[in-house]
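The values are calculated or read from the model by the stated rules, or taken from the named source; none is laboratory data. Remember, predicted model here, so these are calculated numbers, not experimental data. Cβ: placed from backbone, ideal geometry, glycine included. Neighbour counts: every protein chain shown. To get the accessible areas, we keep the full protein, side chains included, count just its heavy atoms, and leave off ligands, DNA and RNA. Shrake-Rupley method; radii C 1.70, N 1.55, O 1.52, S 1.80 Å.
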Amino acid sequence: MDVVLSQNLVPNLLKGGAQSKLYLLRPKGEIGKSTYIDHPPPPSQLDISLSPQVSKRMASISLSSPKPSPELRGLLFSPGPAVLPRSLFNSRGTRTRSFRKIRSLEVRRPRSVTPVSLQRSEHDVVVVGAGIIGLTIARQLLLSSSLSVAVVDAGVPCSGATGAGQGYIWLANKTPGSDTWELGMRSKQLWEELADSMKRQGMDPLDVMGWKKTGSLLIGKTSSELAMLELRVNLFNRAGLRAEYLSSSSLHSKEPALEVGEESGAAFFPEDCQLDAFQAVAFIEKGNKYFSPEGRYAEFYNNPAIRLLRSERTGAVEGIQTSQNILYGKKAVVVAAGAWSGSLMKSFIEKPNSGLNVPVKPRKGHLLVLEKFNKIHLNHGLMEVGYIDHQAATLPYTSLASEADEDAQKLSSISMTATMDSRENLVLGSSRQFTGFSTEVDESIIKQILNRAGEFFPALRALSCDVSQNRKIRIGLRPYMPDGKPVIGPVPSLPNLLLATGHEGSGLLMALGTAEMVTDMILGNSDKVDCTPFSIQGRFCSLDYSEGS
């Protein structure tokens, strides 16, 4: 008979206390003929021991023999129930002489997956993170070189901050001459070139990735806000971009649904665009998969990264270990895991006082989506001036480091943003708060978002706060950095490891420019955008944390 190691145990068969064990023998395919005994079988038989604490799902098998036979190696790596071939047993079910003596097969759920069960693969570059940053980095590498790329993520694409935003490809909330301006400009240019290339190929960018050149309106209500808007328009014009200051009457003619009073005004940025993040990610991922048949692209989803693999000789990063795989990256490993990048790096570095501190934090945001909402139609994307201050509000660095100031961690702000997505849904925002990695819906925040939007749109004031029948809530954890700039570049003293994170609410805007920057770093190309403002060196590193330091 075949001996099958069952993956399912009947709890009421586990008798005799924590120290007892049951031994199971059964013919393959004959569930009802399984035999449970509470004493070890004769030495001539295979000894399969099951502890009472074993999970219903088999996690691993360990052998007392350090060099199992090929048949047993097959048993170890089998994803299904462990089956020993009939050839190992004679007609009486006892072991044949050709089978090595095995003391026991003990089934247990380990605290961590042992490397012996991990699948190994080699790639040129391994990217950790399947958000818009990670996927566009993979795309740029595939298009610009002959390198092979693997993308690994604890979840699936668009399940983080990427899929929880409004899809803005805006410069309206950026400041000409700031550290992020050049990167934002370059990235927006690359998005526009991508949309134009779709048109040349006979595709409609709106259908493919929800691409619309809506323009944006930055709205002010007070005299100080209006003065700031006029200054902003002048800054944009001097930088060579189109921008126009609108009076209250001009603003109303562009957006009839808007009601903000005679003392209001707006800055109009006609070149700003938006897209649908889910459609854009699906398009990028489809393009990446085009390189799979030739062995240049692979995806490993629902497969969290656990640790870095480093050379014992040089200390260089050689790859990563995930919960299921060992992935070697011969040229580089790129961590682009959004809000999780900081905690991930801490887990990667074995020495806790290494001097590496990448203080990226999750900044929670709610968006309210009113589906097929026909009481308001918007021609542009809108945001109030307060969004810029609300976006730039910083968390004290001391509380970032110590986690001690709980009140500071929960600082929140609400400001009005509104747009119509490609499906004609009204998307309202937005909130920002520090609540750790919680993604629970806060109904008080939703109520504040709706009330704030009602101050701009009379049609929303009559709405009940209970719009649950026709609403969706998007919650994202934006990767926040205390100095307002992303981290892009190599990690000092960890050769072959690069970071690309901390874009907060500008991940979509800056994705293609970031991807180009990281690719140029890996390939040794000259910079198209100055990467100095985004370097780790001098910002967060105080000590050498190479192996042996």
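Ligands, DNA and RNA left out, the 1.4 Å accessible surface of the stretch 248-371 is 50% carbon and sulfur atoms. How large a share of the accessible area of the stretch 410-509, in percent, is made up of carbon and sulfur atoms when the probe is 1.4 Å and the other protein chains stay in place? Answer for the stretch 410-509: carbon and sulfur cover 47 percent of the accessible area.
Solvent-accessible surface of the stretch 420-467, averaged per residue with a 1.4 angstrom probe and all protein chains in place: 44 square angstrom. For N379 and T314, the difference between the fully extended length at 0.36 nm per residue and the C-alpha to C-alpha distance is 17.7 nm.
Checking the cross-link pairs K188/K213; K213/K286; K221/K364 against a 20 Å limit on the alpha carbon distance flags K213/K286; K221/K364 as lying beyond it. Heavy atoms of the protein chains alone define the surface here; on that basis the stretch 114-249 has 41 Å² accessible area per residue at 1.4 Å probe size. Placing a pseudo-label 7 Å from each Cα along the Cα-to-Cβ vector at S249 and K346 gives an inter-label distance of 5.8 nm.
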